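Here is the structure we will look at.
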Amino acid sequence: MESLTYIDWPVTIRSIAPLLALLGGAMLSLIFAALPGNKSWRLEFWASIAGFAAAIISSWLLWPQSGKGAFATIATGRLSQAGILIVTISAMFAAFVSPSYMEARREARPGYYGLIAFTAFGMAAVASAADLVTLLISIETMSLAVYALAGFMRGRPASVEGALKYFITGAFAAAFLCMGIAFIFGSAGTTDLRIIAERAVSAAADSRHIFLFGLAMVAVGLSFKVAAAPFHAWAPDAYDGAPTPVTLLMATGVKAAALIAFFRIASAIGVAGGELWHGLLWGLAALTIMWGNLAALRQQNIKRMLAWSSVAHAGYMLMVFPSVSANPQGLVRALLLYIVAYSLMTAGAFAAVGAFGLSSGEPADIGRFSGLSRKRPALAAALSLFLISLAGFPPTLGFFGKYYLFLAVVRAGDVGLAVVAVVGSVISACYYLRPVMAMYFKDARVRAVPKAPTAVPAHAFYAAVVAAIVIAALAVAIFGIMPQDLVAFVEASAL
C-alpha cells in the first residue's frame with residue numbers, strides 16, 4: 001500500500017482521461033437506460049454523446065504531448081491518441097445516425113447507446129494497449145458489446161443470424177489470441193510489448209518454434225477482428241444483418257482499433273519472425289485484397305457489397321505489415337492515413353445508405369437506388385462521392401490515401417504486393433460504380449422505393465444524420481484536394 005503514495009495521481013488520471021471519459025459516458029448511459037419510461041433512450045443518447053465529446057477533446061489536448069504512459073499496460077503516446085480520436089469519432093458517427101434509423105423501425109429501446117459507448121471504450125483501450133493481456137481484455141470488452149449490437153433488431157432473422165455467426169467466430173478468435181499470448185509469454189517471459197520487443201530476437205533464437213507459433217496464433221486472432229481472408233466468413237452476414245449504424249461502427253472503429261493493435265505487435269516483435277513472418281503476412285494481405293474484391297463483384301445487396309469491400313480494404317491496410325521492421329515510422333504513417341481515409345469514406349457511405357433506408361425501408365438490392373439522383377439529388381451526390389473515393393478516383397481522399405499507402409509499400413521493397421493492390425483497385429471500380437450508374441443513369445423501378453414503417457423523423461435527430469453525411473463528405477473532398485494538414489497530423493502521430 002505504501003507504493004500508492006508515490007503515484008502522481010493528477011498525471012495518471014490526465015494520461016488516461018480519454019478512456020475515463022468514454023467509460024464514464026458508458027456507465028451514465030446504462031444508468032439512464034435503467035430509468036422508467038419509453039424515452040429514457042434519449043437521455044442515454046445524450047450521455048453517450050457527452051462521453052464521446054469529452055474523450056475527443058481530452059485526446060486532442062493530450063496528443064501534442066506524446067508523453068510517457070502512466071501505466072505500463074497502456075500506451076499514451078501520439079499514436080494511441082490518434083487511434084482514440086479515430087475510433088471515438090467513428091462511434092459518434094454511428095450514434096448520430098442511429099436515432100432516426102432505429103425510430104423508423106420501432107427499435108429504439110434502452111441499452112442501445114450504452115452498448116455503443118462500451119464499444120467505444122473497448123476500441124480505445126485496444127488502440128492503446130501496450131500489454132498482450134490488456135489487449136485481450138480490451139478486445140473482449142469491445143467484442144461483447146458489438147455482438148449484442150449486431151443482434152439488436154431481434155425481430156429480424158438476418159440480424160440474429162449475423163450476430164450468432166459473429167459471436168461464434170469471435171469466440172474462436174479469442175481462443176487463438178489466448179493461445180498465442182500464452183506461447184509468447186512462455187518464450188519471452190512477459191506480456192509487456194516494450195519488453196518483448198527487447199527480448200524478441202533472443203526469445204526467437206532460444207525457443208524459436210514456441211515463439212513463432214505464439215506469434216502466428218496472435219496474428220490469426222487479430223485477423224479475425226480485421227476480417228482478413230480466410231478469417232472473414234462472419235463479416236458479410238454480420239454486416240448485412242446488423243442495423244446499418246452498427247455496421248458503420250463495425251466497419252470503421254472496430255477494424256481501425258484492431259489494425260492499430262496489430263501494427264503495434266508487428267512492429268514490436270515481427271522482426272524476430274524473419275522471412276516466415278514476412279511471407280505469412282504478404283500472403284495474408286494479397287489473399288484478402290483479391291478475395292474481397294472478387295467477392296464484392298457478385299453482390300446485389302449494397303450492404304453486402306460494402307462488407308466485402310471492407311474485407312478488401314483490410315487487405316490494403318495489411319500491406320504495411322510484412323516489411324514493418326524495415327521502415328516502421330514510414331509505414332505507420334501510411335497505415336494511419338489510410339485508416340483515417342477509409343473510416344471517413346465508409347462511415348459516410350453507411351450513413352448515406354442508412355439515410356436512404358429512412359424513406360425506403362431496409363435497402364437491399366442496388367437496383368432500388370435507381371433514379372435516386374432525381375428523387376434525392378443531395379443524397380445521391382454524397383453517396384456517389386463516398387463510392388468513387390472508396391474506389392480510389394482522384395481528387396478524393398481515397399485516391400490520396402491509396403497513393404500514399406502504395407508508395408510506402410513500394411519503398412519498403414514489396415513491389416509485388418503493390419501490384420496486387422493496384423489490380424484489386426481496378427476490380428473494385430467495377431462494383432463501386434454500379435450504384436452510381438443506377439442512381440444517375442437508370443430510371444426508378446416501379447415500387448423500388450416503398451414506404452418505411454414510419455415517416456422520416458422530422459426533428460433534431462434527423463439533422464444529426466444529415467450532419468454526419470455532410471461532415472464526412474466535406475472531409476473526403478477537402479482532404480483529397482488539400483491533404484497537407486492531414487498528412488502533417490499522421491506524420492506527427494508516428495513519432
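The residue list VAL456, VAL476, VAL449, VAL470 contains one member that is aliphatic (A, V, I, L, M), within 22 Å of ALA95 (Cβ to Cβ) and at pLDDT below 90, which is VAL456. Mind listing just one residue for me: the one in region 239-256 that is modelled with pLDDT of 90 or more and of a type in the set (S, T, N, Q) and, of those, farthest from SER223 (Cα to Cα)? Going through the qualifying residues, I end up with THR247. Reported count of residues in region 262-315, each being out of contact with any Gly (no Cβ under 8 Å at 6 or more places or on another chain) and among the polar types (S, T, N, Q), is 3.
Consider LEU331 carefully, then state whether it is within 30 Å of TRP277 (Cα to Cα), more than 18 Å from the chain's Cα centre (by Cα) and either part of a helix (DSSP H, G or I) or touching a residue at least 60 places away in the same chain (Cβ under 8 Å) (or both). So LEU331 passes the test. Within the set MET179, MET217, the sole residue that is surrounded by 19 or more Cβ atoms within 10 Å (Cβ to Cβ) and at pLDDT 85 or above turns out to be MET217.
Within region 265-294, the set of residues being within 25 Å of VAL246 (Cβ to Cβ) and either among the small types (Gly, Ala, Ser) or buried (at least 23 other Cβ atoms within 10 Å of the Cβ) (or both) comprises THR288, GLY292, ASN293. Taken across region 137-154, residues that are over 18 Å from ALA257 (Cβ atoms) and part of a helix (DSSP H, G or I) do not occur at all. If I filter region 295-318 for residues that are assigned to a loop (DSSP other than H, G, I, E, B), buried (at least 24 other Cβ atoms within 10 Å of the Cβ) and either in contact (Cβ under 8 Å) with a residue 24 or more places away in the chain or touching a Ser or Thr at 6+ places or on another chain (Cβ under 6 Å) (or both), do I get at least one hit? The answer is no, given that none of the residues of region 295-318 is assigned to a loop (DSSP other than H, G, I, E, B), buried (at least 24 other Cβ atoms within 10 Å of the Cβ) and either in contact (Cβ under 8 Å) with a residue 24 or more places away in the chain or touching a Ser or Thr at 6+ places or on another chain (Cβ under 6 Å) (or both). Among the residues of region 354-392, just one is at positive phi and either more than 27 Å from the chain's Cα centre (by Cα) or at pLDDT 90 or above (or both), namely GLY371. Can you confirm whether SER323 is more than 15 Å from ALA233 (Cα to Cα) and of a type in the set (S, T, N, Q)? Judged against the criteria, SER323 is a match.
The values are calculated or read from the model by the stated rules, or taken from the named source; none is laboratory data. All values derive from a computational prediction rather than experimental measurement. Backbone-built Cβ (ideal geometry, glycine too); neighbour counts: all protein chains shown.
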